[in-house]
Amino acid sequence: MADEPKDKVIMLRVSQAERDRIQEKMAEIGVENMSAYIRKMALDGICVNMDLTDVTQMVKLLRYASNNLNQYTKKAHETGSIYSEDIEDLQRRLDDLWVSCKEILTRLATVQ
């Protein structure tokens, strides 16, 4: 393919911001020929479309755990003590988070 004549034209319109970003990416890897860069990316580049609903759920759980921890801390400051049930509840929530994290990381590790 490299020895074939480059006689076919593909027109591509981009905004100034997109062109600037393309040039930044080219500079990052030391490429000066935009045609060669765009050709290489079109032929060999990858596009990843990921379903991040699990990550959204994990962030939601992190918020819950964080809010609970803040409430327990506030309670401890106000009363000088907290209940072991509260700590156990928080531990269960954190354990659930770790399970979710491990599942997500395992799936992300297979993305190519």
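Side notes on the structure shown:
- Among VAL9, VAL55, the sequence by solvent-accessible area, most first, with a 1.4 Å probe is VAL9, VAL55.
- Acute angle (nearest 10 degrees) that the helix 16-29 long axis makes with the longest principal axis of the chain, alpha-carbon atoms: 90 degrees
- The chain: angle of helix 53-79 to the longest principal axis, Cα-based, in degrees nearest 10: 30 degrees
- Folded to 0 to 90 degrees: helix 84-109 orientation relative to the chain principal axis, Cα: 20 degrees
- Heavy-atom accessible surface of the chain: percent carbon and sulfur, 1.4 Å: 55 percent
- Among ILE38, ILE87, the sequence by solvent-accessible area, most first, with a 1.4 Å probe is ILE87, ILE38.
- Accessible area (Å², per residue) of the stretch 22-112, counting only protein heavy atoms and a probe of 1.4 Å: 82 Å²
The values are calculated or read from the model by the stated rules, or taken from the named source; none is laboratory data. This structure is a prediction, so every number in the text was calculated from the model and none was measured. What goes into the accessible areas is simple: the full protein's heavy atoms, side chains included, and nothing from ligands, DNA or RNA. Shrake-Rupley method; radii C 1.70, N 1.55, O 1.52, S 1.80 Å.
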